[in-house]
Amino acid sequence: MLEKRLVVDSVRHLNARCFVVAFRSGEVAAAARAGQFLMVSVTDAIDPLLRRPMAFCELLGPVTARTGFSILVERTGRGTTLMSRLQPETELEVLAPLGTAFRPPSDAEDQCCLVMGGVGSAPFPLLAGDLIAAGHDVTAFIGGRTADHLLCADDLDRLGARVVLATDDGSAGHHGLVTEPLQHHLDEATGGVTVYSCGPTPMMRAVDDIARARGLPHQVSLEAPMACGIGVCLSCVVPVQEADGGWSYQRICREGPVFDADSLIWEHPDA
């Protein structure tokens with residue numbers, strides 16, 4: 001884990017809400033893995049005080065000499081609004097890399113299905129690049145309410161992933177839920193498949209039902225508000241199943257954000 005003051009290299013706006021911030025730091029980029037995240041200060045001022053958690057989206061520069069990394073941000077509140085106004089050469093405090101990373105399939109021959117919605121697309125360009133470099137066939141399923149909500153499609157296509165789009169209003173790709181083309185794809189798949197997902201909780205839970213019904217390994221990346229990002233504040237706990245049949249809390253920032261989906265308890269046991 002590194003605590004660094006990093007320079008903003010560029011800010012690229014994708015639509016009215018979402019933007020990509022690139023930072024210059026070969027040191028952080030060399031240490032980062034797909035699925036991990038960073039805590040970034042949104043301003044040099046004392047208010048807002050808390051850093052914001054953001055997933056690594058892409059690593060910049062050649063593999064042998066990384067120059068930096070990017071994050072995908074959605075403007076949802078005061079902190080991310082301030083980030084949307086960042087200018088190149090601005091310096092921000094960053095704590096990174098944090099959390100657990102996605103794991104490659106246990107079978108080197110497995111196909112990989114990446115299922116995402118909204119800013120849940122953020123960790124998948126980095127993961128897709130790693131999986132494709134390792135020889136896996138990768139299909140990315142991207143869902144959103146409208147075509148404007150589909151993120152990272154061009155990045156994933158450029159990396160060599162097969163991209164399948166789905167929108168609630170039919171403005172792009174499949175008219176319906178992203179889980180519908182996923183089910184069709186899995187019904188026709190031959191050989192092993194590993195599933196990865198990140199996005200709205202109802203979507204990930206539906207993907208988990210689909211993967212479990214077919215006996216497929218499924219890794220999820222969870223999102224949560226975080227005050228510290230290093231496991232101290234306990235603001236990001238999630239209930240998980242224990243081997244003895246009981247359950248306990250684990251911290252998304254430390255034991256996650258990547259979990260095996262079959263360990264998660266989607267409905268709180270005390271509910």
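Tabulated data for the structure shown
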{"item": "Any chance Val73 is among the aliphatic types (A, V, I, L, M), touching a residue at least 12 places away in the same chain (Cβ under 8 Å) and closer than 21 Å to Gly191 by Cα", "result": "no"}
{"item": "Count of residues meeting criterion [of a type outside the set (D, E, K, R) and in contact with a Leu (Cβ under 9 Å, 6 or more places away or on another chain)] in the stretch 232-271", "result": "13"}
{"item": "Count of residues meeting criterion [under 16 Å from the mean Cα position of the chain (by Cα) and closer than 16 Å to Asp157 by Cα] in the stretch 118-137", "result": "11"}
{"item": "Strands (runs of 3 or more DSSP E) contained entirely in the stretch 54-155, each with at least 1 residues that are closer than 20 Å to Asn15 by Cβ", "result": "68-74, 111-117, 138-144"}
{"item": "Among the candidates Val7, Val20, residue that is over 21 Å from Leu222 (Cβ atoms), under 19 Å from the mean Cα position of the chain (by Cα) and touching a residue at least 40 places away in the same chain (Cβ under 8 Å)", "result": "Val20"}
{"item": "Candidates Val21, Val7, filtered to the one that is assigned to a strand (DSSP E or B), in contact with a strand residue (DSSP E or B) (Cβ under 8 Å, 6 or more places away or on another chain) and closer than 22 Å to Cys152 by Cβ", "result": "Val21"}
{"item": "Residue tally, condition touching a Leu at 6+ places or on another chain (Cβ under 9 Å) and more than 26 Å from Arg103 (Cβ to Cβ), over the stretch 172-196", "result": "3"}
{"item": "Filtered residue count, the stretch 140-153, keeping only those that are surrounded by fewer than 22 Cβ atoms within 10 Å (Cβ to Cβ) and under 16 Å from the mean Cα position of the chain (by Cα)", "result": "1"}
{"item": "Residue ID - nearest to Pro125 (Cα to Cα), chosen from residues in the stretch 218-271 that are of a type in the set (S, T, N, Q) and in contact with a helix residue (DSSP H, G or I) (Cβ under 7 Å, 6 or more places away or on another chain)", "result": "Gln219"}
{"item": "Output for the stretch 11-29, where each listed residue is modelled with pLDDT of 95 or more and loosely packed, with under 15 Cβ neighbours inside 10 Å", "result": "Arg12, His13, Glu27"}
{"item": "Filtered residues of the stretch 106-117 (kept if under 17 Å from the mean Cα position of the chain (by Cα) and either of a type in the set (D, E, K, R) or over 19 Å from Gly173 (Cβ atoms) (or both))", "result": "Cys112"}
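Yes/no per residue for (1) surrounded by 21 or more Cβ atoms within 10 Å (Cβ to Cβ); (2) modelled with pLDDT under 95:
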residue: Pro48; (1), (2): no, yes
residue: Pro53; (1), (2): yes, no
residue: Phe56; (1), (2): yes, no
residue: Leu60; (1), (2): no, no
residue: Val63; (1), (2): no, yes
residue: Thr67; (1), (2): no, no
residue: Ile71; (1), (2): yes, no
residue: Gly77; (1), (2): no, yes
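The values are calculated or read from the model by the stated rules, or taken from the named source; none is laboratory data. Everything quoted here is computed from the prediction, not taken from an experiment. Glycine gets a Cβ as well: all are built from the backbone with ideal geometry, and neighbour counts include every protein chain shown.
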